[in-house]
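Throughout, read-outs are computed from the coordinates displayed, never taken from laboratory work. On a predicted model such as this, the values are computed, not experimentally measured, just so you know. Positions of Cβ are generated from backbone atoms using ideal geometry, with glycine treated the same way; all protein chains shown enter the neighbour counts.
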Amino acid sequence: MVRVWILPAAFVACGVLVAAPLLLHGSPGAAVPPLVAFVLVAWLNSPLLFPRSVGSAEARRRSATDGRPVVYWRPGCTYCMRLRIRLGRRAGRLHWVNIWRDPDGAAVVRAANGGDETVPTVVVAGRPHVNPDPGWVRAHLSPSE
């Protein structure tokens, strides 16, 4: 749980370190933009950007029921952020598994990627696809969704 917040906390700390000297020298207007930028980058690298994660077993069960893809991801992954952002509101229609919180999910990803934890790994109809194009993932959501 703590591991997923290390990178966002580091970005916030860097923002504070950049803004503090500017504040101490009487330049609050100059301190705000870098602090806001670092907080934004921290948010982009946090689990808050992603829909709520479920366990791997639960995601597979739900996928078998509703046919929606399962996305295995981890915080701080640039490609996972790209997929999440490009899916927009449709991202909530997929089942997301944070491999840093779910050892079974990490095992599924390693099995699909020859021992590597390469994410995002999207499982559609039982077949894993590593770092697929977001348009391809959108195409695998049912039209009624």
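Going by a ≥ b ≥ c, the root eigenvalues of the Cα gyration tensor, does the stretch 51-139 fall in the rounded group (a/c under 1.5), the prolate group (a/b larger than b/c) or the oblate group?
rounded
What is the diffusion coefficient of the stretch 1-66 in µm²/s, taking the Kirkwood radius over Cα pairs and the Stokes-Einstein relation at 4 °C with a viscosity of 1.567 mPa s?
Here the translational diffusion coefficient equals 92 µm²/s.
Considering amide H positions built from the backbone, and no H for Pro or chain starts, which residues 5 or more places from W96, or on another chain, come under 5 Å of its amide H?
It is V54, V71, by chain and number.
What does the highest-first list of 127-139, 92-104 look like by mean Cβ count within 10 Å? Intermediate values should be presented prior to the final figure.
Working: 127-139: 14.5, 92-104: 19.7.
Peptide ranking by packing, descending: 92-104, 127-139.
Based on DSSP H runs of at least 4 residues, each adding -39500 (n - 2.57), what is the mean residue ellipticity at 222 nm of the chain after dividing by all its residues, to the nearest 500 deg cm²/dmol?
Numbers: 6 runs with 76 residues, N = 145.
After summing the helix terms and dividing by the residues of the chain, the value is -16500 deg cm²/dmol.
Mean Kyte-Doolittle of at least 0.5 plus a Cα span of 20 Å or more along the axis: flag which DSSP H helices in the chain meet both, please.
The answer, listed by residue number, is 3-24, 28-44.
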